[in-house]
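Notes for the one structure printed next.
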Amino acid sequence: MSQNEVRGRIEAFVSDFHTRWERSGKMPGMAAFDLGAFQAWAAELEELVATHCTPGVRTGQEGALSSSPAHDPAAEQITQIEVDEDTATVRSVIQAAGSAAFYYEYRLLRSDDRWRISQLSTFLDPPSAPLIDPVRAEALMQGATPDAALPDLPSQLVLDVPGLFTAGRLVAPFGKPAPLEVRHLGELTCASGVLTIVDFGSVDAHIVPLTRRVTPGTYPVEVSMVAGVTVAVRLLLSESPEVSWHPSEFTDGTHEVGVDAGNVALVDFGALVACQAQRVEAMFQEHVGRLMETPGAMFTLTGGVVDAVMVTSGYGDGTYPCYWGLAADGSLTSLVVDFRVLAENILRTSHVPFRPGPVGTPELARHELRITADNGSFVVSNSGENIRGFRVLAPDGALLVDGDHLGIFITRGTSNTTWNPDAPPPPGSVLEVTEYRGYRHI
């Protein structure tokens with residue numbers, strides 16, 4: 001009887017959702033686009049939750065209109081129902097023709113003999129899918145070694161990592177002095193000895209470990225903050241003082257963590273790759289909301305020890321450098337992610353003749369900088385991300401164009417900026433290039 005009641009609640013929710021989506025949740029044409037459409041959809045979802053769910057449940061559709069419904073009684077199939085006294089779990093799948101499948105997990109509670117949805121999670125992978133193929137996972141694990149070489153710190157970086165964790169130090173990243181806060185988040189266990197640093201909202205974008213293994217064990221985690229913004233996070237591997245810093249290289253040769261979901265996680269790589277994909281998604285959905293109220297979330301991937309910690313990533317999305325601290329005897333002392341909140345860019349400005357062709361100046365050669373003439377237009381292109389801007393100056397120094405005011409088209413790692421001048425630049429014009437060289441802590 002309970003299973004039928006649980007099924008009935010989910011089927012009623014799906015049907016009600018679809019009716020409301022047909023009425024208010026469809027993406028309108030541009031001519032019909034207005035704020036009222038979002039307000040109407042928000043009201044529909046509020047009534048939907050009040051009818052079928054416990055207070056505060058989110059459907060995952062808040063703030064977004066869509067061209068196809070997230071739930072449709074003609075397409076969503078219930079695949080599993082589990083009932084345990086006054087709790088239940090229901091799993092379902094929906095897949096429209098030509099679209100990717102979405103997998104749902106509904107958790108329900110029974111109160112006053114009525115079942116209501118207490119949590120709704122959406123997944124892109126089926127329940128049994130591993131996060132990564134076990135054979136590939138083992139190969140990646142073997143790529144991390146206790147004696148992996150650590151790259152030298154680039155000379156253009158001026159680091160003061162201890163200063164990032166000096167509690168009470170007055171800093172002014174936003175123009176107003178404020179004290180640094182350093183908080184102990186807890187203890188993280190790395191049973192495998194292999195660590196990784198990831199955006200936990202998009203783990204599959206970069207599933208690679210750090211090249212250097214650590215001694216398996218349990219280590220303190222600290223986060224540094226100022227005015228509510230995360231400055232840095234570190235895993236303390238020993239009490240020895242650092243005498244040098246080195247980029248924390250991943251096995252794919254990178255040493256920065258890319259962020260698209262506003263968070264960074266330090267994780268036992270062995271625990272991570274042993275997970276099912278849905279487990280990782282569920283952990284992210286469960287803990288990311290806590291970051292609005294706490295400096296960090298520590299949790300378990302294995303169901304046992306705490307083997308992951310997640311913090312907000314400074315100002316948000318981007319790429320953030322990671323560093324190993326080394327003691328005098330060469331042993332690891334800490335692993336740090338620097339969100340560059342307390343950092344000042346080191347820039348270099350170069351001037352080269354403005355003329356079509358490759359820019360052969362030695363200091364700019366690695367950027368593959370080129371000027372292309374095209375029927376009165378000029379395209380300035382460069383590779384990588386370290387060219388921060390350019391200007392074209394007349395022979396007398398007058399500004400002809402600021403590249404920041406032009407659009408950029410990026411393809412295959414090359415940035416292309418097109419300039420359509422009213423008249424060709426006079427002979428002797430100059431291309432002024434601003435190049436990012438590194439940064440210094442402040």
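The values are calculated or read from the model by the stated rules, or taken from the named source; none is laboratory data. Nothing here was measured: the structure is a model prediction, and the numbers come from that model. For neighbour counting, all protein chains shown are included, and Cβ atoms are generated from backbone atoms with ideal geometry for every residue, glycine included. Protein only, heavy atoms only, side chains kept; ligands, DNA and RNA dropped before computing areas. Shrake-Rupley method; radii C 1.70, N 1.55, O 1.52, S 1.80 Å.
Some notes on this structure:
- Within the chain: Cβ-based charge dipole about Cα centre, in debye rounded to nearest 20 (Lys, Arg +1; Asp, Glu -1): 640 debye
- Normalised alpha carbon radius of gyration of the chain [divisor 2.2 N^0.38 Å]: 1.19
- With contributions of -39500 (n - 2.57) from each DSSP H run of at least four residues, the per-residue ellipticity at 222 nm computed over the chain stands at -4500 deg cm²/dmol.
- For the chain, modelled as a GNM whose springs connect Cα atoms under 10 angstrom apart, the maximal fluctuation among Ser331, Ser381, Ser118 occurs at Ser381.
- For the chain, the longest principal axis of the Cα atoms and the long axis of helix 277-287 meet at an angle of about 80 degrees.
- With eigenvalues of the C-alpha gyration tensor scaled by 5 and rooted, segment 361-412, Å: 19, 15, 12
- Volume of the Cα convex hull of segment 327-419, divided per residue and given in Å³: 184 Å³
- Farthest towards the positive end of the charge dipole of segment 299-442, among the residues Tyr439, Ala423, Gly389, is the Cα of Ala423, using unit charges on the Cβ of Lys, Arg, Asp and Glu.
- Antiparallel beta bridges, as assigned by DSSP with both residues in the chain, represent about 95 percent of the total such bridges.
- Farthest toward the positive end of the dipole of the chain, out of Thr319, Phe354, Ile117, is the Cα of Phe354, where the dipole comes from beta carbon charges about the Cα centre.
- Distance between segment 372-428 and segment 12-28 - C-alpha centres, whole angstrom: 48 Å
- Across all Cα pairs in segment 225-265, the calculated P(r) in 5 Å bins from zero up to the longest distance comes to 5, 13, 19, 24, 22, 13, 4 percent per bin.
- Total charge dipole magnitude, segment 348-442, about the Cα centre, Cβ charges on Lys, Arg, Asp, Glu only, Debye to nearest 20: 360 debye
- Label point distance in nm, Lys26-Asn375, each placed 7 Å from Cα along Cα→Cβ: 4.1 nm
- Normalising the Debye intensity of segment 85-167 to I(0), with uniform scatterers on Cα atoms only, and taking log10 at q = 0.16, 0.23, 0.24 Å⁻¹ returns -0.84, -1.13, -1.16.
- Most mobile listed residue (Pro321, Pro426, Pro55) in the chain, GNM with C-alpha springs under 10 Å: Pro426
- Accessible area (Å², 1.4 Å probe, nearest 10) - Leu399: 90 Å²
- Charged neighbours of Ala191, selected by a Cβ distance under 14 Å, balance to -2 (K, R count +1; D, E count -1).
- A DSSP coil position with no more than 15 other Cβ atoms inside 10 Å describes the following GluC sites (Glu not before Pro) in segment 50-86: Glu62, Glu85.
- With respect to the chain, whose longest principal axis is taken over its alpha-carbon atoms, helix 35-52 is tilted by about 40°.
- The residue among Gly258, Pro173, Phe269 whose Cα reaches farthest toward the positive pole of the charge dipole of segment 152-286, with charges on the beta-carbon of Lys, Arg, Asp and Glu, is Pro173.
- Per-bin percent of Cα-Cα distances, segment 48-207 [5 Å]: 1, 6, 9, 11, 11, 12, 11, 10, 10, 9, 6, 2, 0, 0
- Charge dipole of segment 1-86 (Cα centre as origin; +1 on each Lys and Arg Cβ, -1 on each Asp and Glu Cβ, all else neutral): 380 debye, rounded to the nearest 20.
- Solution diffusion estimate, µm²/s, Stokes-Einstein, segment 1-101, Kirkwood Rh from C-alpha pairs, 10 °C, viscosity 1.306 mPa s: 107 µm²/s
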